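Data block below; observations after.
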2 protein chains.
Amino acid sequence: MDTRVTDPDGDAPAAKGRVPAAKREALAAKGEAFTEDCAPRRVLELFSAKWTSHVLHAMQALYGGTCRPGALQRALPGLSKKMLTQTLRELERDGLVAREVHHVVPPRVDYSLTPLGRTMIEPIEMLYAWARDHEAELSALGLRAPSRRRKA
Amino acid sequence: MDTRVTDPDGDAPAAKGRVPAAKREALAAKGEAFTEDCAPRRVLELFSAKWTSHVLHAMQALYGGTCRPGALQRALPGLSKKMLTQTLRELERDGLVAREVHHVVPPRVDYSLTPLGRTMIEPIEMLYAWARDHEAELSALGLRAPSRRRKA
DNA sequence: CAGTATCCAGGCGGATACTG
DNA sequence: CAGTATCCGCCTGGATACTG
């Protein structure tokens, strides 16, 4: 059955960088616009997932690109050791941060942003900048309530 | 890029790239760097949470800022009706999208990006751009596995 | 200090059914 | 078509304890 909606389309205000009508129709119809395995989906997953952004941001903004796990945890209240490790592992897997172990008596480990990781800082900073710039507008609306609320 | 930290009080780090050593130490020590209720945390929460980015992106890129829920769902394979509604509700609450109901026989609703919502498109596009630009570098590493895997 | 392993509650989110 | 409500599996993520 043709589930295609009436699609008035009369509204479609020609935007700048959007997909041409014909093209997007094809995309939407075929459902190929944002398949599970497209780059954006995967990256947004990485991004959206957990503490990735915060960890990367803290590493760069607070410590200039290199720091020890303890420092990160102290800088990010609420981030448990478990999540910190997990996040760092993921970032390491993806080549965004590098892990350097110093075999000394009190174990010491340094994590640093890789070149690739550094490139990701820009988008992240955009988000932080946006957050700061529109904080008032968001707060004015009552702000987050139903979403990911956690007990404590 | 000024990766200055959240700036709790009125500190004015003339630093170009980062917080002065002394200051950041204080921040980290006091744990005031990224408190639960700072703007970035809240926004990243909104961002990171679910399908927000994808919905906003699809609305803008595919439909120029306005579209019907059905269209979004078709454009985003994997997005259930439940999540779609929930996401739209949140975005509406935060004033990023506007909901317009047309009381006709087959119910028709249009969602559009608000001015505020439109401003959020930029950061989102940055992410998408980054994703595309570094897709190869990420894939080369084996890419996501342990994270949010889902059965199907 | 850095990291792992285990236990376990809570929520996230899918499937389904139903209303307007 | 748009939206809500319910049921429920599963994964996320905190707490705790233990190793090096």
Cβ density ranking, 10 Å radius, fewest first, applied to B:Cys38, A:Cys38 yields A:Cys38, B:Cys38
Rounded to 0.05, the calculated FRET efficiency for the beta carbons of B:Asp133 and B:Arg89 at R₀ = 35 Å is 0.60
Footprinting proxy, A:Leu76, A:Leu116: sorted fewest to most Cβ within 10 Å, the residues are A:Leu116, A:Leu76
The alpha-carbon pair-distance distribution computed for the range B:41-136, with 5 angstrom bins and whole-percent values, is 3, 13, 24, 26, 19, 9, 4, 2, 1, 0
Given a Förster distance of 35 Å, the FRET efficiency implied by the Cβ-Cβ spacing of B:Lys82 and A:Asp110, rounded to the nearest 0.05, works out to 0.20
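Quick note: the coordinates plus some simple rules give every number you see, no bench work behind them. Predicted model only: the values in this text are computed from it and were never measured. Quick reminder, even Gly has a Cβ in these numbers, built from the backbone with ideal geometry, and neighbours come from all protein chains shown.
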